[in-house]
Amino acid sequence: MAGSPLFMQDVQLNLKLTGVGTRVEYNCDLTTAEIIAEPGDEVSVSTLCATGSFSSIGKTTYALHIVALQRWAADGLANFLWDNDGALADFQYQAHGSAIVPSATQPGMSGQVRLIAPTYGGESGQYAELDVTLPCSTKPTKLVAAFPALDARVLEEGSETEAA
């Protein structure tokens, strides 16, 4: 059997507002990241005719499900989701590890999601987590070659700038 089973450790997830901004890695905020495929609904109708039964299956939908620590700093995932609620964002995701270049046996995924604001707060005496399922606009693309370059991000006095 070629290839090893996927072991989730040191994953890479980066997000960027579609058409603007820079890609930002949120690896250190994450505790769970997964792409979920949901089968379409089956629609059936029967007529009064003996052979009058018809069925059709709807399209599969996809979503990026993430669970992360709530970090509300300027570079935190919670802050990014909150500030950009409803916006479209591009993502790149490598579940095989941040140092792994996507390949046929260790692919990555990329796509576009609609951002949803996270919960704020949680249970007393615990680290607060966010748990959001971001719907994909289309089926994510399985990447078997290197991701496009990750943009650098530098924070100076609370503002974001691209590094040269």
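The values are calculated or read from the model by the stated rules, or taken from the named source; none is laboratory data. Predicted model only: the values in this text are computed from it and were never measured. Here the Cβ positions follow ideal geometry from the backbone for every residue, glycine too, while neighbour counts run over all protein chains shown.
Would you check which residues across the stretch 18-43 are crowded, with 17+ Cβ neighbours inside 10 Å and under 15 Å from Gln112 (Cβ atoms) and list them?
Gly21, Arg23, Ile35
Looking at Thr47, Thr31 in this structure, which one is β-branched (Val, Ile, Thr), within 23 Å of Gln9 (Cα to Cα) and at pLDDT below 95? Let's see the steps before the verdict.
On the way: Thr47 fails: within 23 Å of Gln9 (Cα to Cα).
After ruling out the rest, the residue left standing is Thr31.
Have a look at Pro102, Pro118, Pro148, Pro140 and point out the one that is crowded, with 18+ Cβ neighbours inside 10 Å and at pLDDT below 90.
When all the criteria are applied, what remains is Pro102.
Has the stretch 4-13 got any residue that is at positive phi and of a type outside the set (Gly, Ala, Ser)?
From the stretch 4-13, those at positive phi are 10; that's our starting set.
Narrowing further to those that are of a type outside the set (Gly, Ala, Ser): 10.
Yes: the stretch 4-13 contains one or more residues that are at positive phi and of a type outside the set (Gly, Ala, Ser).
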